[in-house]
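K.L.:
I have a structure I would like to understand better, so I am pasting it below and will then ask my questions one at a time.
The values are calculated or read from the model by the stated rules, or taken from the named source; none is laboratory data. This one's a predicted model, so the numbers in the text were calculated from it and none came from an experiment. Backbone-built Cβ (ideal geometry, glycine too); neighbour counts: all protein chains shown. Each accessible area value is taken on the protein alone, full model and side chains, heavy atoms only, with ligands, DNA and RNA left out. Shrake-Rupley method; radii C 1.70, N 1.55, O 1.52, S 1.80 Å.
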Amino acid sequence: MAVRYFNTSRKRLGDYLVELGFINEEQLNSALKEQKDKGGKLGAVLIQMGFLSEDVLLAILGKQSGVAYISLKEYGDISEDVLKTVPENIAKSQMLLPIKKEGNQLTIAIADPLNVFAADDLKQLTGCEIKMVVASDNDIKEAFERYYSPKKKKKAASPNEFQDAVNHMDLDNYDASPTSTEFSKGNIFDLEEEGETAPAVKLVNLIITEAVAKGASDIHIEPSEKKLSIRYRIDGVLQEQPTPPKKIHSALISRLKVMGDMDITERRIPQDGRTKIQSAGKDIDLRISSIPTVFGEKIVMRLLDKEGLQLNLEKLGFEEKELQIFRKNILNPHGLILVTGPTGSGKSTTLYSAMGTLNTPDRNIVTIEDPVEYVVQGINQVQAKPDIGLTFANGLRAFLRQDPDVILVGEIRDKETAEIAGNAALTGHMVLATLHTNDAPSTVIRLLNMGVEPVLVAATLRMVVAQRLLRKICSQCKTPYEITPDQLMGLGITIQFSAPKLRLFKGRGCEACHGKGYKGRLGIYEVLELNEEIKQLVVRNAPPYEIRMAAARCGLESLREVGVKKLFAGLTTIEEVIRVTTGDEGAQ
C-alpha cells in the first residue's frame, strides 16, 4: 500500500498556523514581507524572526502532510546495516537519514516532508517501500556528524606522493637484497607501518596501498621503450595510473621480487612468488608473476582479499530459477558439474560458493587447484605441481583412494583429466570443475572434441553453468534516463517492448567510483541442465545449435537475456551488457 505524503487540499502554512493560534495575523504579515524581501521558506523566516520554534514548525508540517515528527536525539542508535541502505552523499544532499528497516519498509527521517521526489528515488534505489518521518535540520546534521564523520576513509595516494618517493630514491646505490631490506620468507608486510622506510619500499607500498583502496584485483607494472606504465584492474577493466619515470623500473622489480621470495639476480626466465600483506586493516595474499620482455621485466600482482570472498550463493547474481537448478544439482550425491567462461569471469568464486554450501562435517571434500587461491576451513585443498608430476589427472587418481564425497578440479585441460573426472562421477562422486568455453551448449562439444566418449558425457554431465561478470552502476551517482525500444534495438538488444519509453540508469561518475560510474560487479549465468532429450543429442554428437534449441525449449536463458534482466533491474548499463555478452550465440 502506498504511503500518502501530503494532502493537495491542505491550507497554506501561514493560515494554518494562525488558525491554530501559534502566530497572529500581524506576525504572519511581517514574516511574509520579510520573505518577499529576502526570499527563503516561510517556516524558516518565522523561526529566524523568533515567532515560532523549529520543533513546533516541524510538528505542524508533519501533521499537515500526514507525516509524524520525531526527535533524533531521543530516537536511539541506528544500526550500520540500516545506514548502508542509503548512500551517504544522497542522504546529505537530500537532508535525510535512514533510521529503521522492518521487512521491506524503510523509514526515513527527512527535514522536508513535502519532498516526495526523494521518496520516489529512494524506493527505486533501495527496492523498499518508503515511510517518511520529519526531523529538524539540526537533528539530521548532528546525526551526520555522529554516524558518518567518524568513518575513516582511505585516502588515495596522489601523483605527488609517487613523485616525492621517486625524487628521494638513491638509484645509483639502491640495494634490494633481502639482507638490506630485512625481509625473509614468510613475513607479512604491513604497508602502513613501512610507509616511512626506504624510498623504494615506500613507492612500492604506495602502489599496492592505492590498489587496495581502489578495490583493484591486479596490478600491472609494464616497461616500454621510453616509459614505465602502472595499471590497475578494477571491476574487470584495466585503468591507467600515474606513471613514475622509467629509471626506477629495476628498483621496483627488485623490491617486489624480494617480497615474493624470488631470485632477484635472474631476469631471463619467468618467475612466480607469493607473500602476504596488511593494508587498510585487511589481510591480503599477493601473488607475483614476472616475465622477461624486450624492454625489461614485467610484473603482474594479483591481490586476493580473503575477507572479500563471497560464499553466499544468493548474493552471486543468480536469477531465482537458475539458483534453484544450481542448488538442486550440487546437492546430488554424484555427477559432473562444469562452470565455464573466460579467465576473470568469476568461475572460482562460483565454485567456492558451491563448496561453502556443501562444506558440512558429514562430507569429505578434496580439491586440486592451480593455484589454491583461498584456503577454506574443513576442505582438503591440494596445490597442483606439474613440474614434479602432481598434475590434475594424477591428483584425481589419488583422490579416489581418499574416500571422497565431493571433488573439485581447478580446470579440465585435457582428455585424461576429463575422463578421470567423468569416471569418478560415474562411480558415485560429485565432481565440480571449470572449463574454458563461450557458452553452456558448446561445453558439451568441447568435451567431445577432447576425445571423451559421448556415452560417458551423457551419463555423467548433470549441469553446465556459463558465466560472465557485469560491472554494477555506482549507487552513489546512479542517475535515471529514458530510452525508446527502437534505440535499444539499434544498440543490439532486440527484445520487444510495449511501452513507448523505458527508464534505465547510468552512473555520472563521482569520488566513490573514481569517476567511472561503476563500482563492484555481479554475475550473469546461463544454466544448462541436461535432460533426456539433450543427452540423446550428445550421444549422437549433435552440433551446438541443436543442443541450444533443445535447451531453449526447456527454458534456457542466454547470457544476453539474463544481462538484459539486470539492465532493466537498474543494476547495470546497456554498454556493459553489450560489452560482456557480445558473441553470445544465444543473444536475442
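K.L.:
If Ala421 satisfies all but one of (1) assigned to a helix (DSSP H, G or I); (2) crowded, with 19+ Cβ neighbours inside 10 Å; (3) out of contact with any helix residue (DSSP H, G or I) (no Cβ under 7 Å at 6 or more places or on another chain), what's the number of the condition it fails?
P.N.:
(3)
K.L.:
Moving to a separate point now. Among the residues of the stretch 47-104, write down those that are surrounded by 16 or more Cβ atoms within 10 Å (Cβ to Cβ), at pLDDT below 80 and not in a helix (DSSP H, G or I).
P.N.:
Answer for the stretch 47-104, where residues must be surrounded by 16 or more Cβ atoms within 10 Å (Cβ to Cβ), at pLDDT below 80 and not in a helix (DSSP H, G or I): Phe51, Leu52, Val67, Tyr69, Ile70, Tyr75.
K.L.:
Follow-up question, since we're still on this one. Could you tell me whether any residue of the stretch 443-464 is surrounded by 20 or more Cβ atoms within 10 Å (Cβ to Cβ), part of a loop (DSSP other than H, G, I, E, B) and in contact (Cβ under 8 Å) with a residue 60 or more places away in the chain?
P.N.:
No: zero hits.
K.L.:
I'd like to verify a number: residues in the stretch 528-581 that are within 26 Å of Leu125 (Cβ to Cβ), open to solvent by 10 Å² or more (accessible area, probe 1.4 Å) and modelled with pLDDT of 90 or more, how many?
P.N.:
Residues meeting the conditions: 2.
K.L.:
I'm trying to understand the selection: among the residues of the stretch 112-161, which are closer than 30 Å to Leu206 by Cα, modelled with pLDDT under 80 and either part of a helix (DSSP H, G or I) or of a type in the set (D, E, K, R) (or both)?
P.N.:
Lys151, Lys152, Lys153, Lys154, Lys155, Pro159, Asn160, Glu161
K.L.:
Then there's this: Residues of the stretch 250-273 being in contact (Cβ under 8 Å) with a residue 40 or more places away in the chain and touching an Asp or Glu at 6+ places or on another chain (Cβ under 8 Å), which ones?
P.N.:
Step one: list which residues in the stretch 250-273 are in contact (Cβ under 8 Å) with a residue 40 or more places away in the chain, which gives 250-259, 261, 264.
Ile253, Lys257, listed by residue number.
Condition check ((1) modelled with pLDDT under 85; (2) surrounded by fewer than 20 Cβ atoms within 10 Å (Cβ to Cβ); (3) on the phi > 0 side of the Ramachandran plot) across all residues:
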| residue | (1), (2), (3) |
| --- | --- |
| Thr243 | yes, yes, no |
| Leu252 | no, no, no |
| Gly273 | no, no, no |
| Gly281 | yes, yes, yes |
| Glu297 | no, no, no |
| Glu307 | yes, yes, no |
| Leu313 | yes, yes, no |
| Glu320 | no, yes, no |
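K.L.:
Out of Ile277, Ile337, Ile264, I need the residue that is open to solvent by less than 20 Å² (accessible area, probe 1.4 Å) and more than 24 Å from Ser217 (Cβ to Cβ). Which one?
P.N.:
Numbers: Ile277 fails: more than 24 Å from Ser217 (Cβ to Cβ); Ile264 fails: open to solvent by less than 20 Å² (accessible area, probe 1.4 Å).
Of Ile277, Ile337, Ile264, the one residue that is open to solvent by less than 20 Å² (accessible area, probe 1.4 Å) and more than 24 Å from Ser217 (Cβ to Cβ) is Ile337.
K.L.:
If you go through the stretch 370-380 one residue at a time, do you hit one that is open to solvent by 20 Å² or more (accessible area, probe 1.4 Å), on the phi < 0 side of the Ramachandran plot and part of a strand (DSSP E or B)?
P.N.:
For the stretch 370-380, residues open to solvent by 20 Å² or more (accessible area, probe 1.4 Å), on the phi < 0 side of the Ramachandran plot and part of a strand (DSSP E or B): present.
K.L.:
Sticking with this structure for a sec: Write out, first by first residue and then by second, each pair whose Cβ atoms fall under 8 Å of each other, whose residues are 6+ apart or on separate chains, and whose first residue, in the stretch 325-352, is more than 19 Å from Ser558 (Cα to Cα) while the second is of a type in the set (Phe, Trp, Tyr) and crowded, with 22+ Cβ neighbours inside 10 Å.
P.N.:
Listed pairs, sorted by first residue: none to list.
K.L.:
The conditions are (1) without any contact (Cβ under 8 Å) to a residue 24 or more places away in the chain; (2) touching a Pro at 6+ places or on another chain (Cβ under 8 Å), and His429 fails exactly one of them. Which is it?
P.N.:
Checking His429 against (1) without any contact (Cβ under 8 Å) to a residue 24 or more places away in the chain; (2) touching a Pro at 6+ places or on another chain (Cβ under 8 Å), the one that fails is (1).
K.L.:
A follow-up question, please. Just give me the residues in the stretch 18-46 being surrounded by 15 or more Cβ atoms within 10 Å (Cβ to Cβ), in a helix (DSSP H, G or I) and modelled with pLDDT under 80, in sequence order. Reasoning before the result, please.
P.N.:
Going residue by residue through the stretch 18-46, those that are surrounded by 15 or more Cβ atoms within 10 Å (Cβ to Cβ) are 18, 22-23, 27-28, 30-31, 34-35, 42-46.
With the extra rule that they be in a helix (DSSP H, G or I), the set shrinks to 18, 27-28, 30-31, 34-35, 42-46.
Selection gives Gly43, Ala44.
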